[in-house]
1. Looking at (1) modelled with pLDDT of 90 or more; (2) acidic (Asp, Glu); (3) surrounded by fewer than 10 Cβ atoms within 10 Å (Cβ to Cβ), can you tell me which one Asp67 breaks?
2. Step by step: first the residues of region 1-20, then only those that are assigned to a loop (DSSP other than H, G, I, E, B) and either at pLDDT 85 or above or of a type in the set (A, V, I, L, M, F, W, C) (or both), then the one that is nearest to His45 (Cα to Cα). Which residue is that?
3. Could you list, in sequence order, the residues of region 16-55 that are touching a strand residue (DSSP E or B) at 6+ places or on another chain (Cβ under 8 Å), among the aliphatic types (A, V, I, L, M) and surrounded by 10 or more Cβ atoms within 10 Å (Cβ to Cβ)?
4. Among (1) at pLDDT 85 or above; (2) assigned to a loop (DSSP other than H, G, I, E, B); (3) within 19 Å of the chain's Cα centre (by Cα), where does Val23 come up short?
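The values are calculated or read from the model by the stated rules, or taken from the named source; none is laboratory data. A quick note: this is a predicted structure, and the numbers were derived from the prediction, not measured. Here Cβ is always computed from backbone atoms with ideal geometry, including for glycine, and neighbour counts include all displayed protein chains.
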Amino acid sequence: MLLALALQTATPTPAVSSPAKPVVEKPKCRRLDTTGSIMGERTCHTAAEWKAIDAANAANADRYRNDRAH
């Protein structure tokens, strides 16, 4: 009986894993200037979306500068 009790306490119990929660990115907000208004417009996007928006804006600015140079 002592041997059975010792074996029960010696066996590790499997850990119950809880389901993983999806990672939700917190939106980052920026205040954008609106033409014709003294009040800026607040726009919120995730960090990945802002990175894509900034890249697109930089590409447009480069394209404009290159077109003006010719």
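1. (1)
2. My answer is Ala20.
3. Result: Ala47, Ile53.
4. (1)
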